[in-house]
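Beneath this line is the structure, given in structure tokens, with notes to follow.
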Amino acid sequence: MTVKKILLVDDSATELHVISEILNKSGYSVTKAQNGDEALRRLNEDTPDLILMDVVMPGMNGFALTRSITRDVRFASVPVIMCTSKGQDTDKVWGMRQGARDYIVKPVNADELISKIKAFD
């Protein structure tokens with residue numbers, strides 16, 4: 001599978017902008033969502049090749065949303081990378097238990113992010 005389309009889920013307009021710029025410059029098509037409900041709507045409109053998921057968001061948090069997405073047969077094959085400021089080992093373990101395939105801590109290092117995404121190509 002080649003990653004071309006990425007769904008970026010983050011409640012911070014700044015993070016959405018910064019990370020989108022990194023992804024766009026690397027040739028990825030980015031769809032943005034600012035909360036869990038919007039992310040689910042976007043998923044139903046057009047399934048991405050990969051999801052970058054924040055954890056701390058209003059309403060459904062990223063852990064719950066990741067669990068919901070990865071347990072849905074329609075989206076189970078779409079890898080989720082947690083992209084969050086929650087950098088404790090327990091957060092990483094919990095994220096992976098919810099179905100995330102990788103975990104990156106903010107502030108995002110562009111090279112590290114692209115490297116993690118390319119690992120799914």
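The values are calculated or read from the model by the stated rules, or taken from the named source; none is laboratory data. Only a predicted model underlies this, so the values are computations on that prediction, with no experimental measurement involved. Quick reminder, even Gly has a Cβ in these numbers, built from the backbone with ideal geometry, and neighbours come from all protein chains shown.
At a glance:
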read-out	value
Hey, A76 part of a helix (DSSP H, G or I), touching a helix residue (DSSP H, G or I) at 6+ places or on another chain (Cβ under 9 Å) and surrounded by fewer than 20 Cβ atoms within 10 Å (Cβ to Cβ) or not	no
Output for region 16-35, where each listed residue is hydrophobic (A, V, I, L, M, F, W, C) and not in a helix (DSSP H, G or I)	V30, A33
Of all residues making up region 74-104, the number that are over 12 Å from the mean Cα position of the chain (by Cα) and not hydroxyl-bearing (S, T, Y)	14
Residues located in region 12-29, provided they are buried (at least 18 other Cβ atoms within 10 Å of the Cβ) and more than 12 Å from V108 (Cα to Cα)	Y28
Pairs where the first residue, in region 55-80, is without any contact (Cβ under 8 Å) to a residue 40 or more places away in the chain and the second is in a helix (DSSP H, G or I) and acidic (D, E), C-beta under 9 Å, 6+ apart	G59/D37; M60/D37; F63/D91
Members of region 79-105 found to be in a loop (DSSP other than H, G, I, E, B) and either exposed (fewer than 13 other Cβ atoms within 10 Å of the Cβ) or of a type in the set (S, T, N, Q) (or both), listed by number	S85, G87, Q88, Q98
Failed item, numbered, when M57 is tested on (1) buried (at least 19 other Cβ atoms within 10 Å of the Cβ); (2) at pLDDT 95 or above	(2)
